[in-house]
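Where a number appears in this text, it was derived from the coordinates with a stated rule and is not lab data. Keep in mind that what you see is a predicted model, and the values were worked out from it rather than measured. No Cβ is skipped: glycine too gets one built from the backbone with ideal geometry, and neighbour counts run over all protein chains shown.
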Amino acid sequence: MTRTERFLAALKVQQPDRVPLFDFLFQQPLYEALIGHRPGTYNGPDAVLTALALDHDGVWLPFVGFTGLQPTVLSENVYQDEWGTTFQKNEASWPIDAPIAYPIQSREDLAKYQLPDPTAPGRDTEIRAAAALDNDDIALVGGVNGPLTTAWLLMGYETIALAMYDDPGLVEAVFALSNEFFKEASRRSVEAGCVAVFVSEDLGSSTGGFFKPDHYRKYLLPPFAELVDYIDALGVPVLLHACGHLHDYLDDLAQTKISALHPLQRTADMDLRAIKEQYGQRWCIIGNIDSSRTLPFGTPEQVAAEVREAIDIAAPGGGYILASDHSLHDGIPIPNIVEMFRVGAEYGRKAYGG
């Protein structure tokens, strides 16, 4: 099978020739070790080359990266993106910096807000550059924001939480703005060569969901499902990236058209065996290798053992893609990353009789 065939087979909950390999983000030292340099900004070609060096079958290519077009520098390490959100850089934040100020705090702010233009030239440049490479048919996976993620970046969590009680229509209006932009972003990502689209929509902390289930069903699920339906109608699978403890929302998510759930965070009690048993015929499972404990602090032998355990649990019958339970972030030793995917490729082939 080609890499894309392998990746898409797993997304269809079918059994490919081996367990596919993937991860969400790469640390800069890993780039340097594998392709010889550290990229200044997250870009398609470098992501593809690094993914191939790890024998991955898919690579994540977010629409126009993380800062949009032409961020405005406000001071050293502080900038404002085209959405109006202010970010602060630090050594550990690359490539996703931390927001420190938000443009929408009231109805008045919303009335004055100007949505960025999703059709502006250059937004799909990195996807097209990745598609133009000699990329060994790696699956190009687009990346867009879900409505809650956009609202978080435009409003901040505290404002969202208060508005859920005081003015839910304000939050719903921001959700609608998000979908307006990211529907078009999804369409352009697929047109540029993406064979699937990730929707980033974190829904919980390590101990529980961010919202009461009734608030989630009333306010958050409908716009999310609307975006998913739109992407599904483009003819590509929809993958959900949602960190945290999601158990309150899984039955609702199972009613949507998502094809995969990522990353099943171990430290948030996302038990791989239980989710495989309950939802393994409904969607593909991606992730669950512990990026908080085993990958950063374990030995290569411990990493290998966890990889084999995950494959034993989730690979039978197909529908599993090996990945960390968040990303290959700073602080994870490179030998542990290399061992994770070396063992994943070898043991993942044996799991399917190869």
Self-check item: Amide proton proximity set for residue 196, modelled H, under 5 Å, gap of 5+
Solution: 142
Practice problem: Collect residues whose amide H, placed 1.01 Å from N in the peptide plane, falls under 5 Å from the amide H of residue 320; neighbours closer than 5 in sequence don't count. | Solution: 285
Self-check item: Backbone HN-Hα couplings from phi across region 328-338 [Karplus 6.51/-1.76/1.60, Hz, Gly and Pro as x]
Solution: 8, 7, 4, x, 8, x, 4, x, 5, 5, 4
Self-check item: Cβ-based exposure ranking for 341, 210, in which fewest neighbours within 10 Å come first
Solution: 210, 341
Quiz item: Which angle from 0 to 90°, rounded to the nearest 10, does the C-alpha axis of helix 157-166 make with the longest principal axis of the chain?
Solution: 60
Quiz item: How far is helix 300-314 tilted off the main Cα axis of the chain, in degrees rounded to 10, range 0 to 90?
Solution: 80
Quiz item: What's the long-distance tail for region 270-348, i.e. % of Cα pairs beyond 16 Å?
Solution: 44
Quiz item: At what distance in nm do the modelled label points of residue 96 and residue 73 sit from each other, each positioned 7 Å from its Cα along Cα→Cβ?
Solution: 2.6
Self-check item: Magnitude of the charge dipole, the chain, Cβ model with Lys/Arg +1 and Asp/Glu -1, debye to 20
Solution: 600
Quiz item: Which is farthest toward the positive dipole end of the chain among 298, 9, 48, measuring Cα position about the Cα centre, with Cβ charges +1 (Lys, Arg) and -1 (Asp, Glu)?
Solution: 9
Quiz item: Counting only the backbone N, which residues of region 28-62 are under 17 Å from the spot 7 Å out from the Cα of residue 17 toward its beta-carbon?
Solution: 55-58
Quiz item: In whole angstrom, and with the biggest value first, how far do the Cα coordinates of region 1-146 range along each principal axis?
Solution: 55, 33, 25
Quiz item: Using a basic spin-label model with each label point 7 Å from the Cα along Cα→Cβ, how many nm lie between residue 128 and residue 312?
Solution: 4.9
Practice problem: With θ set to phi - 60°, apply the Karplus curve 6.51 cos²θ - 1.76 cosθ + 1.60 along region 119-130 and write out the HN-Hα couplings as whole Hz, x wherever there is a Gly or Pro. | Solution: 9, 4, x, x, 5, 9, 4, 5, 5, 5, 5, 5
Exercise. Convert 37 °C to kelvin, take the viscosity as 0.692 mPa s, use the Kirkwood radius over C-alpha pairs of region 1-61 as Rh, and evaluate the Stokes-Einstein diffusion coefficient in µm²/s, rounded to a whole number.
Key: 268
Exercise. Please report 55, 134 as a ranked list, fewest other C-beta atoms within 10 angstrom at the top and most at the bottom.
Key: 134, 55
Quiz prompt | Given 12/218; 183/212; 183/257, the pairs whose alpha carbons are separated by over 19 Å | solution = 12/218; 183/212
Quiz item: Over the chain, what per residue volume does the convex hull of the Cα atoms give, in whole Å³?
Solution: 123
Exercise. Apply the Karplus parameterisation 6.51 cos²θ - 1.76 cosθ + 1.60, with θ equal to phi minus 60°, to every residue of region 266-272 and state each ³J(HN,Hα) to the nearest whole Hz, in sequence, with x for glycine and proline.
Key: 4, 6, 10, 6, 8, 6, 5
Practice problem: Work out the length of the dipole vector of region 33-120 about its Cα centre, built from +1 on the beta-carbon of each Lys and Arg and -1 on the beta-carbon of each Asp and Glu, and round it to the nearest 20 debye. | Solution: 120
Self-check item: In nm, spacing of pseudo-spin labels at residue 5 and residue 112 (7 Å Cα→C-beta vector)
Solution: 5.7
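Where the only charges are on Cβ atoms (+1 Lys, Arg; -1 Asp, Glu), what is the dipole of region 1-147 about its Cα centre, to the nearest 20 debye? Intermediate results must be reported in sequence, preceding the final value.
Values: 10 positive and 20 negative charges, 58 e Å.
Charge dipole of region 1-147: 280 debye, to the nearest 20.
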Quiz item: Out of every Cα-Cα pair in region 198-354, what percent are more than 18 Å apart?
Solution: 59
